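Heads up, the thing below is written out as structure tokens.
Any read-out appearing in this document is the output of simple, stated calculations on the displayed coordinates, not a laboratory observation. No experiment lies behind these values; they were computed from the predicted model shown. For neighbour counting, all protein chains shown are included, and Cβ atoms are generated from backbone atoms with ideal geometry for every residue, glycine included.
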Amino acid sequence: MADLEIIGVPFSNYVRSLRMLCEEKGVAYKLTPSRPHTPEVTAIHPAGQIPVMRHGDVALFETKAIASYIDKVFPGTKFIPEDAVGMAHVEQWVSYGNAKVDKWIMREFVVPQAFADKVKGPDMTKVNAAVPEIEKCCTVLDAAIAKTGHLAGKNLSFADMLVLPMIVTAQAFPLGKEIVPKHKALMAWAEKLTGRASWTKTAPPPRA
Ligand SMILES: N[C@@H](CCC(=O)N[C@@H](CS)C(=O)NCC(=O)O)C(=O)O
């Protein structure tokens, strides 16, 4: 079988989610650490976002589409179930992760702080406005996880792998460190999953 290539910088949460899936399935892959909007990325993603993927003649963009492809094409444990309900639950939590968790934690909270103007500092009006929304996300995730220990059904799925990096990243910032630990099931889930080899093996190198 052709080599699987995941294209995108290792500190992207979405890149990490796909790498976790490969590690969990035991799928060998090559990581090409390209930034968004570079030629090798725009050749595949019309909006220049990472991650993108190549596998033989197949080129794909959008994390969930890539994950579905990898999970179906390669042997090993399925992290997106094949039954209708199981599959829909994974889809549901991936959509929620993208629409709400990524929006409020990454776009409205982490990015304004991590990439703040060095002189002016972060736009704390924007950051503070995200706080109640992050609280809501954590409450929703906590309630779902409290039922089975995972987001979708009782087993580890790609939905867990998509959301985990976002929840961990939130805690790298003081307000996130206050909010997330108030949610006990969510914290226990994060602690358990960050102990897995799929997490430790996909740690990005320290930023230069
Ligand atoms: N919906 C996309 C989102 C991917 C995404 O937001 N990637 C970020 C890096 S983590 C990116 O490429 N940002 C640059 C941009 O949006 O222009 C997916 O699921 O793959």
(request) Could you list the trypsin sites (Lys or Arg not before Pro) in the range 42-121 that lie in coil according to DSSP, counting only those with at most 12 other Cβ atoms within 10 Å of their Cβ? (result) 118, 120
(message) Given R₀ = 30 Å, what would the calculated FRET efficiency be for residue 28 paired with residue 126, taking r from the Cβ atoms and rounding to 0.05?
(response) 0.15
(request) Quick one: grab Rg to one decimal and Dmax as a whole number for the chain, Cα atoms only, in Å. (result) 16.9, 53
(message) Using a 10 Å cut-off around each Cβ, can you sort 14, 29 from fewest to most neighbouring Cβ atoms?
(response) 29, 14
(request) Could you work out how far apart the two model spin labels at residue 95 and residue 65 are, taking each label as a point 7 Å from the Cα in the direction of the beta carbon, and quote it in nm? (result) 1.7
(request) Between residue 114 and residue 200, with labels modelled 7 Å along Cα→Cβ, what's the label distance in nm to one decimal, could you check? (result) 2.3
(message) Rounded to whole Å, give me the distance from the Cα center of the range 87-158 to that of the range 12-27.
(response) 19
(request) Output ³J(HN,Hα) for the range 71-86: one whole-Hz value per residue in order, computed from phi by the Karplus curve 6.51 cos²θ - 1.76 cosθ + 1.60 with θ = phi - 60°, and x for Gly and Pro. (result) 5, 7, 7, 9, x, x, 3, 8, 9, 10, x, 8, 6, 4, 6, x
(message) Under 5 Å between amide hydrogens, which residues at least 5 positions from residue 32 or on another chain qualify, with H placed 1.01 Å from N in the peptide plane?
(response) 6, 7, 8
(request) Using θ = phi - 60° and the Karplus relation 6.51 cos²θ - 1.76 cosθ + 1.60, list the HN-Hα couplings for the range 95-110 in order, rounded to whole Hz, with x at every Gly or Pro. (result) 5, 5, x, 6, 6, 10, 5, 5, 4, 7, 7, 7, 6, 9, 10, 6
(message) Under a crude label model (7 Å from the Cα following the beta-carbon direction), how far is residue 182 from residue 83 in nanometres?
(response) 3.7
(request) Classify the range 11-103 as rounded, prolate or oblate from the Cα gyration tensor: take a ≥ b ≥ c as the square roots of its eigenvalues, call it rounded if a/c is under 1.5, otherwise prolate when a/b beats b/c and oblate if not. (result) oblate
(request) Only loop residues by DSSP count here, and only those with at most 11 other Cβ atoms within 10 Å; note down the chymotrypsin sites (Phe, Trp or Tyr not before Pro) in the range 56-127 that meet that. (result) 115
(message) For the pairs 30/177; 30/154; 103/201; 64/177; 78/154, flag any whose C-alpha to C-alpha distance is greater than 24 Å.
(response) 30/177; 30/154; 103/201; 64/177
